[in-house]
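Have a look at the structure below before the remarks.
The values are calculated or read from the model by the stated rules, or taken from the named source; none is laboratory data. Note that the structure is a prediction, hence the values are computed from the model and not measured. FYI the Cβ positions are ideal-geometry reconstructions off the backbone, even for glycines, and counts take in every protein chain you see. The area values use the complete protein model at the heavy-atom level, side chains included, leaving out ligands, DNA and RNA. Shrake-Rupley method; radii C 1.70, N 1.55, O 1.52, S 1.80 Å.
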Amino acid sequence: MDDNLEAFELPRARPSHTPLPDQISDAEQPIVTRMNLIGPYAVVFERDEDDAADAFLAEHLLHDPNTGARITQRVILPVDVIADFPQLAKTPDAPLPEIHARLAEAGDLTWRETVTARLPLPDEQAVFGIADGGPILVTRRVTYSGDRPLVCEELNAAAEHVKLTYEGPA
């Protein structure tokens, strides 16, 4: 890890339909795969793990050139949500603001975010430049229409390289 590496600020009170800060860009092409909603994702999408519902997963490796920090962004869209918004089936790796714009066509959206930390897997230590097993900060923002979870954005970054900023009315 570079001790001179600054932490980048990630404003989290942003509406869910606005993009990440301008300086953060894709370090490589996103990868789209299908996944089963099991474990924490079954909980996030309020699914029974035994049903193992399918979802599209778009994985982005992001980079902040100002600080050198790397971030992974996982965008998870359940197949039944895509069935209700078929235009998303063509571009499940679209930027999140575009996905939210499509979902907002059905009505008002709300979001809930959780923040936690965990130890990195060995490959994550290399991706994030973490020495000696420092923690990864994990944020999961779930966007809802009413009570229905529609999409989950998960950001992972070396905890020492990121600063989350929340602003709102007092």
request  = Assess whether PRO97 counts as being in a helix (DSSP H, G or I) and open to solvent by 30 Å² or more (accessible area, probe 1.4 Å).
outcome  = yes
task = State which residue is nearest to the chain's Cα centre (by Cα) when the search covers only the range 1-47 and only residues that are at pLDDT below 90 and of a type in the set (S, T, N, Q).
result = SER16
inquiry  = Please go through (1) crowded, with 17+ Cβ neighbours inside 10 Å; (2) within 17 Å of GLU154 (Cβ to Cβ); (3) at pLDDT 90 or above; (4) not hydroxyl-bearing (Ser, Thr, Tyr) for ILE82 and return the number of the only condition it doesn't satisfy.
reply    = (2)
Every residue from the range 122-144 that is over 17 Å from the mean Cα position of the chain (by Cα) and at pLDDT 90 or above = PRO135
ask   = Is it the case that some residue within the range 117-139 is among the hydroxyl-bearing types (Ser, Thr, Tyr) and either open to solvent by less than 30 Å² (accessible area, probe 1.4 Å) or in a strand (DSSP E or B) (or both)?
value = yes
